[in-house]
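Here the structure is laid out as structure tokens; the discussion comes afterwards.
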Amino acid sequence: MKGLMKKGFVFSLDIAIAVLVTLLIMAAAHRNIVNAEKNSLPNAQMAAVGSDIAALLDHKGVLQTLDEEKIESGMNDLMPQNYDMLLKVAVDDGTVLYAGDSVPAEQFVSSGKRFFTIKDQASIEHYGYASYWIWAR
């Protein structure tokens, strides 16, 4: 009978530890899910805005001008008031242009890249890309 009580105690202790570990894992997972849900929608919207601005600048032919003032003006015309953005335009001939503000250090920043071509009538003259960083003001 004494041996059975020792086995029962060890079994009960094993179950108690397993339940405690399971509860800790579930609490940590719940906390991460709640935090992810809080930030995901605004961050996804910010990423979409940055992508849309880069796409519109490409489709309107503003990126292809390689004119820093036109690019910055076009970007500012499209930018919602609650966002700031930095745009880096680089072309295969070595041209690099920057438009916008400097990226903040202690804030969420969404980023992306859009590739584009510069055409001379019907043929492609140069390849380039526009990297963007966007954040809330």
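The values are calculated or read from the model by the stated rules, or taken from the named source; none is laboratory data. Since the structure is predicted, the reported quantities are computational estimates derived from the model, not experimental observations. Here the Cβ positions follow ideal geometry from the backbone for every residue, glycine too, while neighbour counts run over all protein chains shown.
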Item checked: Residue list for region 63-113, filter: aliphatic (A, V, I, L, M) and out of contact with any strand residue (DSSP E or B) (no Cβ under 8 Å at 6 or more places or on another chain) -> Leu78, Ala105
Next item on the list: For Leu56, work out the one condition from (1) within 15 Å of Tyr129 (Cα to Cα); (2) in contact (Cβ under 8 Å) with a residue 24 or more places away in the chain it doesn't fulfil.
Entry: (2)
Next item on the list: Collect the residues in region 88-99 that are touching a Phe, Trp or Tyr at 6+ places or on another chain (Cβ under 8 Å) and in a strand (DSSP E or B), keeping them in residue-number order.
Entry: Lys88, Val89, Ala90, Val91
Next item on the list: Kindly indicate whether Gly50 is modelled with pLDDT of 90 or more and either assigned to a helix (DSSP H, G or I) or polar (S, T, N, Q) (or both).
Entry: yes
Item checked: Identity of the residue in region 108-137, in a loop (DSSP other than H, G, I, E, B) and in contact (Cβ under 8 Å) with a residue 12 or more places away in the chain, that ends up surrounded by the fewest Cβ atoms within 10 Å (Cβ to Cβ) -> Arg137
Next item on the list: Out of the residues in region 58-86 that are under 13 Å from Phe116 (Cβ atoms) and surrounded by fewer than 15 Cβ atoms within 10 Å (Cβ to Cβ), state the one that is nearest to the chain's Cα centre (by Cα).
Entry: His59
Next item on the list: Report yes if Asp92 is modelled with pLDDT under 90, closer than 20 Å to Ala130 by Cβ and loosely packed, with under 15 Cβ neighbours inside 10 Å, otherwise no.
Entry: no
Checklist line | Contacts under 6 angstrom Cβ, first residue in region 62-74 being closer than 12 Å to Leu87 by Cα, partner in a helix (DSSP H, G or I), 6 or more apart | finding: Leu63/Leu57; Ile71/Val62; Gly74/Leu57; Gly74/Val62
